[in-house]
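Read-outs: derived from the displayed coordinates by stated rules, not from any lab. Please read all numbers here as calculations on a predicted model, not as lab measurements. When we count neighbours, we look across all protein chains shown, and the Cβ atoms used for this are built from the backbone with ideal geometry, even at glycine.
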Amino acid sequence: MLLIAFGGPPQFMDKVLIIEDAKAFNQMLVHAIEENTPFDCVSAYSLAEAEKILFNHAADFFCAVIDLNLPDGPDGEAVDLVIDHPNIAPIVFTGQVSASLREDFVHKRIADYVLKEGQHNISYIVSLIQRLYNNAAVKVLVVDDSLTARNQLKRMLVTQRFEVLLASSGAEALSVVEANPDIRIALLDCFMDEMDGFQLTSSLRKKYAKDELVIIGVSSQGGHAISARFIKSGANDFLLKPFQPEEFNCRLNQNAEFMEQFFALKQANEQKNELLGMAAHDIRAPLAIISNAADMLLKKDLKPDRQSSLLDMIGRSSKDMLALLDDLLDVSAIESGQVEIETEQVDLADLLGTQLEYYQIAAEKKSMGFMSDLPTTAQCAVDPKRIKQVIDNLLSNAIKYSPLSSEIVVTLKDQSDSWLISVKDQGPGIEKEDVSKLFGTFQKLNSKTTAGEKSSGLGLAICKRLVEAHKGDIGYRDNEAGGSCFYISLPK
């Protein structure tokens with residue numbers, strides 16, 4: 001029996017080593033991996049280079065893509081080199097493979113091998129690397145009454161970077177399930193003493209539905225009859241022994257990916273429901289004000305100053321509601337990939353200076369002032385409309401949360417290959433437990449505005465997505481002089 005629990009992302013090495021002597025092909029792999037995953041790549045063009053890199057930096061890598069035949073290592077020496085580092089998962093990328101070579105891969109600690117046949121193979125490597133990284137956060141419990149079978153499965157699972165636990169009976173497995181309620185996949189050996197795979201499936205199904213726990217039955221006898229019985233008992237899938245390691249790895253990885261996708265969809269649905277609930281709440285308040293004010297205006301005996309006050313109330317509430325709806329439409333468009341970034345050469349210093357002038361009036365209403373440190377010019381390829389939207393959000397937030405008569409410091413600095421915009425205020429700052437929520441949608445933080453200004457909880461989430469669309473970075477740090485400091489880094 002095999003059980004998998006999905007935890008948080010692994011907190012350790014996050015680089016990929018590429019050992020390939022063909023420079024063009026090496027860089028093609030690097031580009032594909034770095035473009036489609038969060039991982040950085042390090043290239044070695046020979047066995048000697050790989051030895052040097054691993055000698056000094058082996059702890060940086062969780063995976064290596066290895067060419068089987070190098071000029072100074074023509075017989076797979078690079079594979080043996082990587083195998084000596086048990087924390088690195090080896091992926092062999094080769095032009096051809098024979099039956100004997102495949103058998104050799106099985107006996108060695110090879111995560112997988114891929115043929116050099118086309119772009120689809122490079123795409124497979126990219127997805128495999130991401131899968132291997134995720135597997136390190138997955139706990140696996142192997143339960144079989146055969147010690148040999150347990151050790152064989154453990155060895156196969158370790159090559160896929162799963163964390164493996166062992167148990168020798170169904171009863172022991174249930175104890176482990178009790179201690180680990182977040183299990184997501186179970187691989188059950190059919191014939192075990194006292195409690196067989198069918199009974200264990202039934203017991204697990206009493207606690208976990210099919211969309212909460214994937215159960216895969218395994219048997220070396222019975223064929224299709226056993227398969228049907230497992231499925232009818234509540235299993236999701238079935239494997240007939242003996243199975244090829246490649247088949248085993250593919251089925252387990254596919255099921256792990258299925259469960260991750262299911263939980264991602266479930267989480268997205270929960271976030272959607274929460275967002276709709278909060279949006280409805282935030283829209284209802286200004287609508288109620290407008291409705292009540294309109295009802296009062298229908299009374300003919302109101303004094304002119306009272307009528308003027310109610311009209312002003314309607315106007316302000318309408319603007320608040322329109323701003324929230326604009327934010328909602330922005331989030332929807334960004335999440336669906338419908339927002340295009342149209343870049344042009346822009347002087348960031350001029351753009352920032354113009355927006356500071358615009359917000360000067362709002363700052364003066366709270367007796368605040370801006371102090372700016374801007375270069376004469378700062379040329380950068382950005383979408384001016386979208387970057388202006390980000391800057392406006394940071395400036396308006398600084399005004400909202402800063403105390404009366406305080407100062408807001410805005411700087412623009414040359415960072416060689418990027419421009420760094422910083423907005424520092426003297427407000428209360430962000431509490432530690434709120435920092436991780438800052439750039440999430442509809443996040444309500446403990447910080448309060450200093451004049452009762454409204455906040456949709458969407459602004460920073462929109463900013464994050466717009467800055468990232470520019471291949472830039474946005475973040476927060478405490479202001480050393482007290483208060484908050486938000487920064488944007490934009491590549492030139």
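With the charge dipole of the stretch 218-319 set up from +1 on Lys and Arg Cβ and -1 on Asp and Glu Cβ about the Cα centre, the Cα lying farthest toward the positive end among the listed residues Ala280, Pro245, Leu298 is that of Leu298. Using 31 Å as the Cα-Cα cut-off, could you pick out the over-long pairs in Lys108/Lys471; Lys23/Lys388; Lys272/Lys400; Lys400/Lys464; Lys206/Lys241; Lys319/Lys424? From the list (Lys108/Lys471; Lys23/Lys388; Lys272/Lys400; Lys400/Lys464; Lys206/Lys241; Lys319/Lys424), the Cα-Cα distance tops 31 Å for Lys108/Lys471; Lys23/Lys388. Residues Lys206, Lys319 in ascending order of nearby Cβ atoms (within 10 Å, fewest first): Lys206, Lys319.
Listed by chain and number, the aspartates and glutamates whose alpha-carbon sits under 13 Å from that of Lys154, ignoring those within fewer than 8 places in the same chain, are Asp144, Glu163.
Under a cut-off of 20 Å between alpha-carbon atoms, report the aspartates and glutamates in cross-link reach of Lys365, not counting same-chain residues fewer than 8 places apart. The qualifying aspartates and glutamates are Asp312, Asp320, Glu357, Asp392, Glu407, Asp425, Glu453. Annotation: the residues Phe105, Phe439, sorted from fewest to most other C-beta atoms within 10 Å of their own C-beta, follow the order Phe439, Phe105.
Listed by chain and number, the aspartates and glutamates whose alpha-carbon sits under 12 Å from that of Lys15, ignoring those within fewer than 8 places in the same chain, are Glu34, Asp40, Asp60. Membrane-span-like helices in the chain, defined purely by DSSP H runs whose alpha carbon atoms cover 27 Å or more axially and whose average Kyte-Doolittle hydropathy reaches -0.5, are 245-297, 304-335. Which shape class applies to the stretch 137-243: rounded if a/c is under 1.5, otherwise prolate when a/b exceeds b/c and oblate if not, where a ≥ b ≥ c are the square roots of the Cα gyration tensor eigenvalues? The shape class here is rounded. With the helix formula -39500 (n - 2.57) applied to DSSP H stretches of n ≥ 4, the chain reaches a computed 222 nm mean residue ellipticity of -16000 deg cm²/dmol.
Taking a ≥ b ≥ c as the square roots of the eigenvalues of the Cα gyration tensor, the stretch 9-134 is classed as rounded, since a/c falls below 1.5. If only the Cβ of Lys and Arg carry +1 and only the Cβ of Asp and Glu carry -1, the dipole of the chain around its Cα centre is close to 1800 debye. Protection proxy ranking for 169-178, 288-297, using the average of other Cβ atoms within 10 Å per residue and placing the highest first: 169-178, 288-297.
Working from the Cα coordinates of the chain, the gyration tensor eigenvalues give, after taking √(5λ), semi-axes of 54, 33, 18 Å in decreasing order.
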